[in-house]
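In what follows, a structure is listed as structure tokens, so that the remarks can point back to it.
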Amino acid sequence: MPSWQHITYSDEIAAEHAGSIVTVGGWVQEIRNLGGISFIQLRDRAGVVQVTVLKKKNPELFKEINSLQRESVITVKGVVKESKEAKKGYEIIPEEFRVLNAAASPLPLGVVDKVGADLDTRLNNRFLDLRKAEIRAIFQVRATTLAGIRRHLTDEGFVEVTTPKIVAAGAEGGSTLFPIKYFDKSAYLAQSPQLYKQNLMASGMDRIFEIAPAYRAEASDTVRHIAEFTSLDVEVAFIESSEDVMAVAEGIVHSSLNHVAEAARRELDILGVDLSSPETPYPRITYDEAIDLLRSNDMEIDHGEDLGTEGEKLLGDIMLKKRGSELYFITKFPTSLKRGTFYAKRDDEDPELTGYFDLDYRGQEIVSGGQREHRYDVLVEQMRENDLNLESFAFYLKAFKYGMPPHGGFGFGIERYVQKMLNLSNIREAVLYPRDRVRLIP
Ligand code: ATP
């Protein structure tokens, strides 16, 4: 058995294990020296255990331990002993004590300090920030969310794919592309797998998804935009309308919220979050209805304008108050607002409208998608309207000529989802090492 498998986590030990020998490993959170006896609070990923060292039993060790700095890494092999004083009802009396790595002092970021550090200091020292249980819990919830999504989509017959992140052309408009050097050519970091997932719809893989980074050179500094985010992308063929696509998004959110509420109960407790999965179907309002609602709530906004952060937030409050829902679809976005989205299918009766939708969660867009235009001639026309160079999209267009079924899909921002699920004020809190206009390290 590898040595790491000999480590017992603190939550695996209980007072009834009294008398047995365990090995625990972790960081020294605190040392209290009372002269003849020292109490070490050893923190591992599951919690904290008390290690009690008696001077008279081992004076050398006692000296060494009391000179240790906080956050040093130790392993302790010892006997579990019941203790009324120790928080957990037991303590460990060491037989073997190893200092694996001594920490320097002072720490660039406190681990147990009550005073909250600002986000920049935390992110600059992320490895220390993550030693706090409530910060690690965010990423455990994130992992549980992804596991729930993968399970749900796999059960629904979707196949997970991986498409290139180094691409020759963008799909979401030029202003947010990151150019890169690619041997003797110029290329970009992928803004979304849009062209590839549509390409796959012509391949017979008619239900696919991808969970991968997407890159956007977002110039503005907001609490919901980052330059590298994790995008869940879904594409499904043989659909009749955007409603079929919305049903997939709804199913993912519903089942993953249920999964997280159940499987990440411990982490949600640590974070003080009471999570529930609202009943489906989620309410649907059209873009025009959303604008009317905002206007009747004193917001200055005209039909045809983007809802913007403020509009989405206010709409979130209204939908919660009036419809009792934290999750709702905004449908029928005007073509003018999705002009960059050359692949969106327009309404058959009114080309000024698309069947495109957003799914908003607690006043923030988390998903955007709809039915795509699958007819070659119409697509070419829409690309021309958007002044696109058709040659750069040759591989994409080719697939529409030789048997492309009607299809649709969406992009779903994982960090925005986790941000809203856990009521985090900034999306960066849901990213281990965020990238934005100013942040490239760590
Ligand atoms: P927004 O209007 O909020 O900037 P968008 O319309 O550019 O978003 P899409 O291109 O439709 O977004 O992307 C689909 C989803 O991807 C969004 O709903 C969001 O969850 C996520 N997303 C897009 N851009 C970012 C970003 N810069 N940072 C984090 N998530 C993003």
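The values are calculated or read from the model by the stated rules, or taken from the named source; none is laboratory data. Source: prediction; values computed, not measured. FYI the Cβ positions are ideal-geometry reconstructions off the backbone, even for glycines, and counts take in every protein chain you see. When the accessible area is computed, the model is the full protein with side chains, heavy atoms only, and any ligands, DNA or RNA have been set aside. Shrake-Rupley method; radii C 1.70, N 1.55, O 1.52, S 1.80 Å.
Where nothing but the Cβ of Lys and Arg (+1) and of Asp and Glu (-1) is charged, how large is the charge dipole of the range 95-208 around its Cα centre, in debye to the nearest 20? Numbers along the way, then the final one.
On the way: 15 positive and 13 negative charges, 25 e Å.
That gives a dipole near 120 debye.
Defining a contact as two alpha carbons under 8 Å apart and six or more residues distant in sequence, what relative contact order in percent does the range 134-244 show? Don't skip to the answer; put the middle values down first.
Numbers: 147 pairs, mean separation 26.0, N = 111.
Once divided by the residue count of the range 134-244, the mean separation gives 23 percent.
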Quick one: net charge of THR75's neighbours, Cβ under 11 Å, K/R +1, D/E -1?
0
State log₁₀ I(q)/I(0) for the range 343-430 at q = 0.24 Å⁻¹ as given by the Debye formula over alpha-carbon point scatterers of equal weight, solvent excluded.
-1.12
Below 20 Å, Cα to Cα, which aspartates and glutamates can LYS185 reach? Residues fewer than 8 away in the same chain don't count.
GLU391
Ordering of 393-400, 157-164, 144-151 by burial proxy (mean other Cβ atoms within 10 Å per residue, highest first):
144-151, 393-400, 157-164
Taking the range 42-92 and dividing mean pair separation by its residue count, relative contact order in percent (alpha carbons under 8 Å, at least six apart):
36 percent
Can you tell me the order of 290-297, 209-216, 239-246 when each peptide is scored by its average per-residue count of other Cβ atoms within 10 angstrom, highest first?
209-216, 239-246, 290-297
Going out from 0 in 20 Å bins, what whole percent of all Cα-Cα distances in the chain drops into each bin?
22, 45, 24, 9, 0
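Of the listed peptides 281-287, 103-109, what is their order by residue-averaged count of other C-beta atoms within 10 Å, with the highest listed first?
Numbers: 281-287: 17.0, 103-109: 11.9.
By packing density, highest mean first, the sequence is 281-287, 103-109.
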Please go through the residue pairs LYS338/LYS398; LYS197/LYS401; LYS165/LYS420; LYS165/LYS338; LYS87/LYS132; LYS77/LYS132 and name each one whose alpha carbons sit more than 20 Å apart in this structure.
LYS338/LYS398; LYS165/LYS420; LYS165/LYS338; LYS77/LYS132
Report the gain in length on full extension from ARG32 to GLU349: 0.36 nm times residue separation, minus Cα-Cα distance, nm rounded to one decimal.
106.6 nm
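Taking a 1.4 Å probe, which of MET201, MET1 shows the most accessible area, and what order do the others take after it? Intermediate results must be reported in sequence, preceding the final value.
Values: MET201 5, MET1 150 Å².
Sorted by accessible area, descending: MET1, MET201.
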Using a 7 Å offset from the Cα along the Cα-to-Cβ direction at both ALA18 and GLU134, what is the distance between the two label points in nm, to one decimal?
3.4 nm
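So if each residue of separation counts as 0.36 nm, and I subtract the Cα-Cα distance between ALA143 and TRP4, what length gain in nm does that give? Please report the intermediate quantities before stating the final value.
Numbers: separation 139, 0.36 × 139 = 50.04 nm, distance 2.22 nm.
That works out to 47.8 nm of additional length.
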Using a 1.4 Å probe on heavy atoms of the protein chains only, the accessible area for ASP274 in Å², nearest 10, reads 140 Å²
